[in-house]
Amino acid sequence: MTTELNITFDTETETQNFALTEHARQRMGQRGVNEEAVELALHYGRKIHSRGAVFHVIGRKEIAKLGDEHPKMAELDGVQVLTSTDGEAVLTVYKNHDFRSIRPTKRRQRHYH
């Protein structure tokens with residue numbers, strides 16, 4: 001079951017709709033992340049394409065850049081929103097300050113001698 005989460009970007013005249021999966025809503029409740037935090041991460045977060053999904057993350061750089069405009073950003077350090085590659089669904093939400101875990105590991109090359 002999915003519910004719609006309407007994201008309206010103020011700086012652009014663009015409205016994006018993300019389907020919020022039941023799993024994502026459950027994790028938001030468990031991890032204390034509200035819909036406003038998800039909206040801020042989707043709008044202002046750094047996008048990282050990895051592992052067949054898109055990560056929208058809020059880190060120190062985003063807070064330093066946009067903290068004056070949005071004071072609530074300081075509380076969102078480490079929020080990560082995982083969306084599908086087509087940008088239609090929010091898959092899960094969590095907090096993690098280590099962005100290195102997002103990067104895919106390098107595959108070992110096999111040597112046949």
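Given the conditions (1) over 20 Å from Q16 (Cα atoms); (2) under 14 Å from the mean Cα position of the chain (by Cα), which single one is not true for I63?
(2)
Can you tell me which residue in the stretch 61-101 is surrounded by the fewest Cβ atoms within 10 Å (Cβ to Cβ), limited to those that are assigned to a loop (DSSP other than H, G, I, E, B) and among the hydroxyl-bearing types (S, T, Y)?
T85
Can you report the number of residues in the stretch 22-38 which are surrounded by fewer than 20 Cβ atoms within 10 Å (Cβ to Cβ) and not in a helix (DSSP H, G or I)?
Final tally of qualifying residues: 2.
Applying the selection to the stretch 33-56, what residues are in contact (Cβ under 8 Å) with a residue 40 or more places away in the chain, among the β-branched types (V, I, T) and farther than 11 Å from V79 by Cβ?
Answer for the stretch 33-56, where residues must be in contact (Cβ under 8 Å) with a residue 40 or more places away in the chain, among the β-branched types (V, I, T) and farther than 11 Å from V79 by Cβ: just I48.
In the stretch 51-60, what count of residues is obtained for those that are within 14 Å of Y94 (Cβ to Cβ) and either in a strand (DSSP E or B) or touching a His at 6+ places or on another chain (Cβ under 7 Å) (or both)?
Within the stretch 51-60, residues that are within 14 Å of Y94 (Cβ to Cβ) and either in a strand (DSSP E or B) or touching a His at 6+ places or on another chain (Cβ under 7 Å) (or both) number 4.
Every number here is computed from the coordinates shown, using simple stated rules; none is lab data. Worth saying up front: this structure is predicted, and the values here are computed from it rather than measured. Note that we place each Cβ from the backbone using ideal geometry, even for glycine, and neighbour counts take in every protein chain shown.
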